[in-house]
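Here's the structure, in structure tokens; my notes come after.
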Amino acid sequence: MIFWSAAPLLVLAGAVAVLLAAIAIRRSFFWSSAIAGAGLLGALAVIPSALQARGAAGLFVFDAASLGFAGLILAASLVILVIAYPYWRGCTKVPREEFPLLLLLATLGACALAGANNFITLFLGLETMTLAMIGMIAYPRYRGQAEEAGLKYLILSGMSSGFVLFGIGLIELGCGSLDFGRALAGGAGTPMMVAGLAMLGVGAGFKLSVVPFHFWVPDVYAGAPAPGGAYVAVVAKIAVLAVLLRVMALPGAGFSAGAVHAATAVAILSMLIGNLLALMQDNLKRVLGYSSIAHLGYLLVAILAEGAIAHVAVLFYLVTYAITMAGAFGVVAVLSDADAPRDMDRIADLRGMFWTRPGLAAVMTLMLLSLAGIPPAIGFIAKMYIMAAGIHTDLWVLIGTMVASSVIGLFYYLNIIIVMSLKPEAAGVVAGLSLPGRVTMAAVGFAVVGFGVAPQPLIALLRSVFG
Amino acid sequence: MSLVWLLVIPLLGGALAWPLGRAYPLLARIVCLAALGLDLGICLPLLHGTLAAPGNWLAGFNAPWIPAFGMSFRLKMDGMSWLLTVLTLILGMFSIVVSWKEIEDGVGFFHANLMWSLAGTIGVFIALDMFLFFYFWELMLVPMYFVIAIWGHENRRRAAIKFFLFTQGSGLLILISILALAFFHQRQTGVLSFDYFALLQTPPPGAFGFLVMLGLFIAFVVKLAGFPVHIWLPETHTEAPTAGSVILASILLKTGAYGLLRFVVPLAPQAAHGIAPVALWLGVASIFYGAVLAYGQSDFKKLIAYTSISHMGFILIGVFVFNTLAWQGVVFLLIAHGVSTGALFIIVGSVQHRLHTRDLDRMGGMWTDLPKLSSFGTFFILAAMGLPGLGNFVGEFLILRGTYAVAPVVAVAAAVGLIPAALYSLIAIQRAFHGPADAARAQPDFGARENAMMLLLAAAIIWLGVYPQPILDVTAPALQNLAAVPVTAMLR
């Protein structure tokens with residue numbers, strides 16, 4: 001039974017091995033992507049049966065929550081893989097086959113993180129994911145920007161891993177166990193434990209890129225190739241949040257009064273600083289970076305508001321964030337060419353898109369509306385959900401900040417839409433988009449509108465999976 | 001079910017017009033016109049429908065939407081909604097006709113946005129689930145933003161962003177108020193619901209109720225463009241293309257008044273009475289402020305935009321005196337102002353199309369060159385001024401009459417506001433149509449299309465002015481739906 005419940009992880013690990021062997025036999029970007037895709041799909045396909053089995057094996061726990069998050073991670077990775085395929089297809093400057101491999105490896109790490117039940121597996125998952133992501137960020141090594149971003153991420157994530165390790169050490173010292181449940185129940189409130197958890201909090205803050213641990217975000221997002229940036233923005237955050245939310249649901253966990261104050265301050269600062277700094281950017285990926293900081297701030301509001309509504313609100317917002325960010329990065333990816341010295345990621349590059357590529361411009365508009373929280377996009381329902389959770393628990397300061405920051409956010413989202421609606425400068429030839437690119441973008445667009453108009457199926461799904 | 005069709009047809013019409021517009025712009029225009037005509041055909045017979053009591057409702061529809069939050073797709077129409085929906089559809093058709101020659105680029109996308117914005121507005125007028133109402137409220141903004149930002153005049157970007165920030169920012173206040181109302185209801189009854197009729201049963205008390213009401217009040221007054229939150233209006237109305245200005249002034253402003261009447265007054269009656277003195281004087285301030293600034297404008301379009309602020313002051317006063325007579329006047333003035341201001345924006349649009357300017361200093365003497373345009377212009381300016389015998393007069397008179405009964409000082413102050421109205425109207429007529437011409441002009445006068453539009457609107461405004469009874473008969477039962485609130489003497 002344990003075997004079945006671990007099936008998604010095993011499928012992923014198997015796919016990594018097969019992909020490695022396949023690359024050793026013959027290099028083919030198509031097959032490499034296909035195997036990675038099959039691995040992700042296979043892992044997704046065994047999730048229902050894993051949900052039936054369920055089980056905990058000490059190091060890992062495969063319950064509804066961890067498998068649900070694993071499903072979300074797999075789905076998001078799949079979307080990013082599909083976006084990555086047309087992006088790299090024409091690339092001649094580097095061998096392309098390892099990109100799907102790195103993506104698969106990072107996903108394996110992310111799923112392990114989502115199912116971790118022990119500080120050992122937590123660290124294992126975190127490092128597997130992070131190291132693979134560094135490869136994805138610096139993959140186009142002929143771009144100086146990408147190299148710089150990779151190096152920056154390497155150093156900063158190394159530092160945050162150091163914090164995490166130190167924290168784990170302190171906790172182990174304090175209560176003598178590396179198991180989440182036992183550690184939390186055993187040493188609650190001791191100085192050793194508090195210090196350890198604070199260190200872990202710093203590490204999580206880095207990974208989630210909330211203020212004041214956000215400095216790496218814009219450079220890394222902008223320097224990374226669009227699919228790599230999407231992965232860092234979406235999957236990495238889901239995985240870290242997954243383990244965080246699961247741990248917080250354990251008995252003996254939850255916020256102490258001091259931690260609530262700290263988290264409130266972090267949420268307020270993230271919402272305001274993220275959106276204020278986004279105002280001054282002229283690069284779309286940097287805008288998305290700062291916007292993601294603000295969105296993590298919104299998510300913190302829902303996390304701080306406890307209760308049944310808040311529980312679903314966090315999940316709903318996370319799904320919304322994943323779809324929308326993947327879609328926004330996806331638009332950059334389908335416009336860009338891996339061989340070019342940079343991605344088509346300046347806001348000015350989007351000029352006139354409504355006239356040259358109306359379909360893609362419509363999708364981008366929907367993504368921006370979703371990020372801004374305006375109907376008919378799903379982001380509107382997600383924002384309503386968080387506000388409902390906050391008002392339900394009387395978090396008026398946070399809700400007030402959220403409203404103010406949403407209005408600030410409108411400025412830069414609208415600005416991008418306006419640039420897209422301007423007349424194109426030169427009537428150049430517009431290259432057609434690849435078929436997978438079109439299909440993915442259309443699917444993401446439909447998902448954003450569909451769940452925005454009729455969110456009930458998604459709410460029901462989240463409720464049934466996460467209980 | 002017909003209420004659902006009212007929403008679906010314009011949405012589909014817009015979705016169809018977008019792709020059509022690329023190859024067959026004419027077909028896109030016709031599709032939109034036909035869709036609105038069909039909608040009107042569905043809407044008109046609804047006047048004779050009835051729903052079972054309680055209340056005087058003409059038609060209804062209800063289906064679950066987001067049961068997780070107790071939100072339903074609840075539509076209901078009474079006489080007030082019916083009138084405003086018909087106004088929306090008719091002026092929507094006018095705005096399509098008026099764009100026939102004006103909009104040449106991106107015809108499909110333009111019409112799609114126009115239709116979606118209209119669909120959102122109709123939704124606002126008939127949705128009676130609070131969250132559904134808010135959904136439509138937000139939905140009508142985005143397409144209108146595109147209309148201004150893409151097809152507007154010189155400063156369109158600034159104007160569009162200003163419009164969006166003001167309305168969207170205040171919209172978030174509505175959302176907070178709605179959520180607070182719903183959770184308050186849940187604490188009282190144990191059921192989470194956004195149903196208007198359920199929320200009516202649990203009016204929020206005290207300071208909490210006042211804050212909830214204040215959120216709604218601010219948002220609706222922003223939309224209504226009352227002083228001092230009118231800042232977005234002059235620029236937005238001036239920079240929008242003609243069709244956009246028509247829809248903004250004739251229809252979207254009305255959603256603010258509708259919200260005040262339908263939601264603020266019944267949902268938080270105590271608090272609404274509490275803020276009434278402030279609201280009344282804000283109304284008076286709007287009347288004077290709008291009139292004085294209109295007098296000082298040299299941009300013809302901006303002048304008309306400022307007159308809207310002045311007229312919306314009357315609406316604000318009428319809503320907050322809490323008697324049926326004044327409310328009759330409010331609904332009546334909404335219709336009459338929609339028709340007269342719509343016509344004025346069409347006229348200014350055609351002036352700009354011909355002279356390529358909106359500057360009153362560069363007009364003058366148009367009566368000699370463009371007699372038809374000028375006579376229609378004079379007619380509608382006089383109508384907007386409130387000339388007896390024309391529609392606006394009836395509305396303003398009813399409001400003043402209703403106000404005098406409870407707040408005579410306010411009524412007197414508002415009536416004095418009619419003097420600057422006469423000043424700005426006459427000076428506008430003088431500067432635009434009389435005097436020596438600025439330059440020789442060889443522009444064609446109104447053609448058949450424009451004449452037909454003008455004649456229809458003029459006939460409507462005369463009919464409203466000389467025989468208002470049918471409209472009053474429609475609004476009277478609808479206003480009883482709101483009159484659960486007793487008239488109080490606290491305003492004296």
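Coordinate-derived values only; no laboratory data. What you see is a predicted model, and the numbers here were worked out from it, not measured in a lab. Virtual Cβ from ideal backbone geometry, glycine too; neighbours counted across all protein chains shown.
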Quiz item: Hey, any idea what the orientation-averaged projected area of the convex hull of chain A's Cα atoms comes to, in nm²?
Solution: 20.1
Self-check item: Percent RCO, i.e. relative contact order, over chain B, from Cα pairs under 8 Å lying at least 6 residues apart
Solution: 14
Exercise. For residue A:118, list long-range residues whose amide hydrogen, built 1.01 Å from N in the peptide plane, is under 5 Å from its own amide hydrogen.
Key: A:180
Quiz item: In what order do B:26, A:10 fall by count of nearby beta-carbon atoms within 10 Å, going from fewest to most?
Solution: B:26, A:10
Exercise. Give me the Kirkwood hydrodynamic radius of chain B, using the inverse of the mean 1/r over all pairs of distinct Cα atoms, in Å to one decimal.
Key: 22.5
Quiz item: Across all directions of projection, what mean area in square nanometres is found for the Cα convex hull of the protein assembly as shown?
Solution: 39.0
Quiz item: Residue by residue, what Karplus-based ³J(HN,Hα) values in Hz, rounded to whole numbers, does region B:167-176 have, using 6.51, -1.76 and 1.60 with θ = phi - 60° and x for Gly and Pro?
Solution: 6, 6, x, 6, x, 4, 5, 4, 4, 4
Quiz item: What is the distance, in nm, between label points placed 7 Å from the Cα along the Cα-to-Cβ direction at residue B:15 and at residue A:173?
Solution: 6.3
Quiz item: Roughly how big is the protein assembly as shown's charge dipole about its Cα centre, with Cβ charges of +1 (Lys, Arg) and -1 (Asp, Glu), in debye to the nearest 20?
Solution: 440
Quiz prompt | Bins of 10 Å, starting at 0 and running to the largest distance - Cα pair percent for region B:176-221 | solution = 30, 57, 13, 0
Quiz prompt | Mean projected area (nm²) of the alpha-carbon convex hull when region B:276-492 is viewed from all directions | solution = 11.6
Self-check item: Residue-by-residue Karplus 3J(HN,Hα) for region B:334-344, coefficients 6.51, -1.76, 1.60, Hz, glycine and proline x
Solution: 4, 5, 5, 5, x, 5, 5, 5, x, 4, 5
Self-check item: Charge tally in the Cβ shell below 12 Å around residue A:207, where Lys, Arg are +1 and Asp, Glu are -1, residue A:207 excluded
Solution: 0
Self-check item: Cα-based convex hull volume of region A:263-467 per residue, rounded to whole Å³
Solution: 118
Practice problem: Anything over 31 Å Cα to Cα? Flag those among B:101/B:301; A:207/B:162; A:285/B:223, in the order listed. | Solution: A:207/B:162; A:285/B:223
Practice problem: Send over the semi-axes of region B:39-178's equivalent ellipsoid, whole angstrom and largest first, taken as the square roots of 5 times the C-alpha gyration tensor eigenvalues. | Solution: 30, 21, 11
Practice problem: Could you run the Karplus curve 6.51 cos²θ - 1.76 cosθ + 1.60 with θ = phi - 60° over region B:449-458 and give me ³J(HN,Hα) per residue in whole Hz, x for Gly and Pro? | Solution: 4, 5, 4, 4, 4, 5, 5, 4, 5, 5
Quiz prompt | More than 17 Å apart - percent of Cα-Cα pairs taken over region A:32-116 | solution = 49
Practice problem: Let me know the longest stretch in chain B that avoids all GluC sites (Glu not before Pro) found in a DSSP loop with at most 12 other C-beta atoms within 10 Å. | Solution: B:155-492
